1. I want to make sure I understand the PRE zone here: with the label point 7 angstrom from the Cα of A:CYS51 toward its beta carbon, which residues in the stretch A:4-35 have backbone N atoms less than 16 Å away?
2. How high is the FRET efficiency from B:ALA45 to B:SER200, r the C-beta distance, R0 35 Å, rounded to 0.05?
3. For a quick protection proxy, order the peptides B:176-184, B:153-161, B:195-203 by their average other-Cβ count within 10 Å, most packed first.
4. Can you give the angle from 0 to 90° between the axis of helix A:60-74 and the longest principal axis of chain A, with both taken from C-alpha atoms, to the nearest 10?
5. Pull out the extension gain between B:ASP149 and B:ASN60, defined as 0.36 nm times the separation in residues minus the alpha carbon to alpha carbon distance; nm, one decimal.
6. Give the lysines whose C-alpha is closer than 28 Å to that of B:LYS205, dropping any in the same chain fewer than 8 places away, or say none.
7. For A:LYS73, give me every one of the lysines with a C-alpha distance below 18 angstrom, ignoring sequence neighbours fewer than eight places off in its own chain.
Amino acid sequence: MNCKGVIRELSNYIDGDLDPAVKQELERHLGHCEDCTMIVDQTKKSIEILCDSKPVELPSEVRSRLHAALRRKIGPVQT
Amino acid sequence: MLDAIFITEKGYKPEFWGILSSLSAPNPHRLPSSVAREDEHLLVAAAKKGNATAFEELVNRYEDKIFRLTKNITGNHEDAEDAMQEAFLKAYSHLQDFHGDSRFYTWLVRIAANESLMRLRKRRPNQFSLDEPVEGDTDLMPRELEDWDPSPEQRYAHVELQGILAEIIDQLDPEFRIVLILRDLEELSTQESAEALGISISAVKSRLLRARLKLREKLNRHFRRGTLN
């Protein structure tokens, strides 16, 4: 497998979605290609950082309007 | 499309049920979701029996994440709010059609993604299409190759990093952005994402690859060794 092949299979490799033979071929390439290894590692890291991002807090006025709309639809909530 | 998803079980194509049954399939590359809670199915069951408090608790639990989703897809505050509100209202209206084949949250994400897409298409009818053919791989090779620190994210304060990520996501073309959000942020499987967007699995994979490469390239400008904060 060449560098182009690695990039083409990058997502499948990261997702653990590769056929074992293709995975072995890809990892053999990574064993001697620093550039591809760097791209794989940095892409994994990028996804990790994205996954770790926390949702922004819902603005209070948006939240109030949402709950008001829900109450109009489903009726008052017993607390 | 959304209404078609929610009609009663009668009349669905077999592949739709196959997709539903796969909704809870684990994703190999990610950590266990912090969203799933053990009592979720109890709340859903109570809400289905008409307990408004239980439904409101589900809303409280997921409103932040659903707003992030609708905001990331639409890129517009007003549309994001509309899409979120409509998603929760539709979820309530169609609660009886949710059979627990997937997590409630995943089901909700699919509704919210559809609501967001409808608004995005309305706002930018000529600017993007998810139906375009899958692109070739001629221009995939990354050009910017530089070392990163072992934990590059530590160079930034949490808020600053969130800002960088938000800007990067916003800069991505919508067709790539949406797939990245559904797969990597909202943790839908490839099949779920394809179903939610009405595109093929190969189109999801192709767009995801491009989006991830683009994300790396853009983060590289912040994370490469020697870059000043």
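Every read-out reported here was derived from the displayed coordinates using simple, explicitly stated rules and does not represent laboratory data. These numbers were taken from a predicted model, which means no experiment stands behind them. Here the Cβ positions follow ideal geometry from the backbone for every residue, glycine too, while neighbour counts run over all protein chains shown.
1. A:11-18
2. Here the calculated transfer efficiency is 0.50.
3. In decreasing order of mean packing, B:176-184, B:153-161, B:195-203 become B:176-184, B:195-203, B:153-161.
4. Roughly 70 degrees between the two axes.
5. Numbers: separation 89, 0.36 × 89 = 32.04 nm, distance 3.81 nm.
Extra length available between B:ASP149 and B:ASN60 comes to 28.2 nm.
6. A:LYS4, A:LYS23, A:LYS44, A:LYS45, A:LYS54, B:LYS13, B:LYS65, B:LYS71, B:LYS122, B:LYS214, B:LYS218
7. Qualifying lysines at Cα under 18 Å: B:LYS48, B:LYS49, B:LYS90.
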